[in-house]
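The values are calculated or read from the model by the stated rules, or taken from the named source; none is laboratory data. Every value quoted in this text rests on a predicted model; they were computed, and no experiment measured them. FYI the Cβ positions are ideal-geometry reconstructions off the backbone, even for glycines, and counts take in every protein chain you see.
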Amino acid sequence: MIKKFKVLFIIIGVFVSTIIFLSYGFQTSNLNELIQKKFNEQYKKIKLEFKNVRISLDIKDFAIKFSLNEPKLSHKGDLTNIYQTNFGVGLFSVLKGNFDPKFIEVKFSENSFEKSIELVRDVFLEDDQKGYFANKVKKGLIKGDLKIYNEDTIKIEFLGSIKDAFFLITNDLPEFQNINANIEFKGKELNVNILSGSAAGLNFDKSKIILNELTNSYKVALDLNLAGKFNSLKEFKNLKIPIFEEISKDFEKLSFSTTSSNKIDLEFDKKGNLLNTSIKGKADISNLELDLFQNAFPNILDEKNRKFKNGKLKAEFDKKSIFIDGIVFNQNDTLDFKINTDLAKKTSKINIISEVNFVNWQKIFKPEYIKGSSKFYIQLNINKDQYLFDTRVDIKKSLISFSPINFNKLLDDEGQILLKGEVKKSITELDKVSITAGKNKIEIFDLNLDENFSITSLNNISVSTDKSNFKITSSKKNNLNHIDISGKRLDAKYIIDSLTSSKPSTLVSKKFNGTISANINTLDTGTNDDVRDFVLNGTILKGQFTKLDANGIFSNKEKITIKISRNKNGNIATYMLSDRARPFIASFNFIKGFEKGKLEFSSEDLSPTSSKGKIIITDFKIREIPVLAQILSLASITGILDTLKGDGIRFDNAVIVYENDEKFFTFKDFYGTGPSLGFIVEGRINNTDNFTSVDGNLIPAYEVNRLLSNIPILGQILTGKSGDGVFGVSFKIKGKDNNFETTINPIRTLTPRFVQRFIEIFKSVK
């Protein structure tokens, strides 16, 4: 019995000793050739070399473990940095004489991320799996432990880290750059815990990427915490995530600083094609810069005035909706807004409160019409490229002077504007516009504006101001647009000024074609020379009068007639004959204190922005002209000066021959004659800022009469041999807005050219 126990103990001891021995293992090089053969049969695209092998028992996996010393692994001629390689063969397989590896372990030091992924893709992945991984990794370093199980199917496990990696999850997403992360791959799931990195200029912090392989697809879950400066949503424009699809269309030039948390779920087929997306996130944004109205008003607002800066907002978003609460600034403007967007329906509801300084928006709000600032309350519904708006504007801080209808509002007077309509493809359709300020009220219905905010069509307008009370209605006559103007009173100063203006009208679009008629009881000319029973009929082509017949009478039965037609040159010609000249002379700022006189006016449009014309004025008086008074005073022509300050200086006639373009109103010929004085003027007025620069000569009439009576001895007069010569005054006038600088030069002997010109003028008159 004792002997049996001794034998048993010996057997156990031998077994334990064997186990201990095998656990520790032993080294041999006798198996090198066999192992290399088996390995290369299994993995034909890689080459394995080693010095010798240590054989030991792996109790955990119930296998014989083979550890290769000084291993070298190469793929396509590139050596992979490894420091340990193990493989195990199941004990039962060994007993059966099968030495196929049950598992392979490879411990990597730092290797090229790109080449490592290529090795895995080329050696271990099936063909339908390779599409997703193709060209996804650009560069970087990787290290860690790789374990490959050779069971019914190949399973891969990896635990390690990546450094300074550049890769794409999909071609539709921005590239992930400088990624440092811990990675774990087990079964069909890849976990990437990002320690640092960036994408589209934003930095990662405590972010995760999880990739799961499904039967026919891959699912990618991104949990991204982002911070930093973001410059362009164009990075996301091809990604089929509605939030980025919608926003990137309007705000490609978008930049901001942000901290945000984002959960994005993506699904790809085995070839890497995007199938489904989902997103949910929150963001705090500062230093926001955006081009706000580039699609709504591309032709109206230049880039400087569309750009808002220094904005901040909070955003919440998912696949179905976006909510934004923010504020942005543009020069002196503020824009406080809330946006609710339904991404499925591609609609947005926006509430805006905005302080707008009109100096920044002069393409829309013309400075000659409105100045100051206003507060806008806007409800905006966006459906694709359609913008529906309902707007209230507080105009208390606005100064309004709308000359075409004499709508005037002083600063700090209460007032408001109501607008309701839509903008579609840069075309504005206003269902209703209501403007009130004190007793002034304007209502407009069905007003359509082109991309330059000029009128293309309307239903009706009613105007009630201090100097205007009329209606404008639109209809169709003979398949043409027809506008009818009727009412008790209309301020006509704007119309009168436009007759000599070089600038085309901004009220009627160049796209407008039709006819027009008017019947107004009283036209207010701005000079107490009201026109009664004014009747007009005309034709408008491409926003310009091509034909017009108009007439009216002044209070004492004096008449006015206006005609517009095409002349023999094919140009638009305007002719006007008025028994009162004063209403039409008032537009010339340098002529004040004008009384009586008849006017004949003719002009020809040479181009859309240039014209030439002639004005003839007969039998009129001028007085209270500071510039002329200064000239006469400096020249010591006291008698005529007294007349100017008293009853006024009478002239028999004056003639102005001019050319007018975008830059200058130029006097080609400007002269006048009268019983006491004659003058000749040449020069021009800048149409941009009204700066006047003219030279001229004055000569008392008695001197002219002396010239005319002594023409045979003109030479003696000019040389002074028959007396004191001819006395006159040469002058220069420069300045604007009645702030003129005047210089004179009294001369005793005038030049022959000047005298000859005066003689021609006076002889033609007499």
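So which residues in region 42-74 are closer than 19 Å to I154 by Cβ, at pLDDT below 80 and in a strand (DSSP E or B), if there are any at all? Scanning region 42-74 gives a single hit, A63. Being basic (K, R) and over 24 Å from N408 (Cα atoms) is the filter here; which residues of region 436-489 pass it? The answer is K476, K477.
Out of everything in region 53-85 that is hydroxyl-bearing (S, T, Y) and within 18 Å of N40 (Cα to Cα), what residue ends up being surrounded by the most Cβ atoms within 10 Å (Cβ to Cβ)? Within region 53-85, the match that is surrounded by the most Cβ atoms within 10 Å (Cβ to Cβ) is T85. When region 75-92 is filtered for residues that are of a type in the set (G, A, S) and assigned to a strand (DSSP E or B), the ones remaining, listed by number, are G88, G90. The set of residues in region 657-666 that are surrounded by fewer than 19 Cβ atoms within 10 Å (Cβ to Cβ) and in contact with an Asp or Glu (Cβ under 9 Å, 6 or more places away or on another chain) comprises V657, T666. Of all residues in region 145-163, those that are free of Cβ contacts under 8 Å to residues at least 40 places away in the same chain have Cβ atoms under 9 Å from Cβ atoms of residues that are in a strand (DSSP E or B) and of a type in the set (S, T, Y), 6 or more apart or on another chain, in K155/Y149; I156/Y149; E157/Y149. Residues of region 92-107 that are under 18 Å from F39 (Cα atoms), of a type outside the set (D, E) and either at pLDDT below 80 or buried (at least 19 other Cβ atoms within 10 Å of the Cβ) (or both): S93, V94, G97, N98, F99, P101, K102, F103, I104, V106.
Among the candidates N231, N225, the residue that is under 27 Å from K309 (Cβ atoms), modelled with pLDDT under 85 and either buried (at least 16 other Cβ atoms within 10 Å of the Cβ) or not acidic (D, E) (or both) is uniquely N231. Report yes if K115 is part of a strand (DSSP E or B), of a type in the set (K, R) and modelled with pLDDT of 80 or more, otherwise no. Criteria not met by K115.
Considering only residues in region 149-174 that are loosely packed, with under 15 Cβ neighbours inside 10 Å and among the charged types (D, E, K, R), the one that is farthest from E105 (Cα to Cα) turns out to be D164. When region 204-215 is filtered for residues that are more than 13 Å from A181 (Cα to Cα) and buried (at least 16 other Cβ atoms within 10 Å of the Cβ), only L211 remains.
The single residue among S468, S486, S462 that is buried (at least 19 other Cβ atoms within 10 Å of the Cβ), farther than 30 Å from D385 by Cα and not basic (K, R) turns out to be S468.
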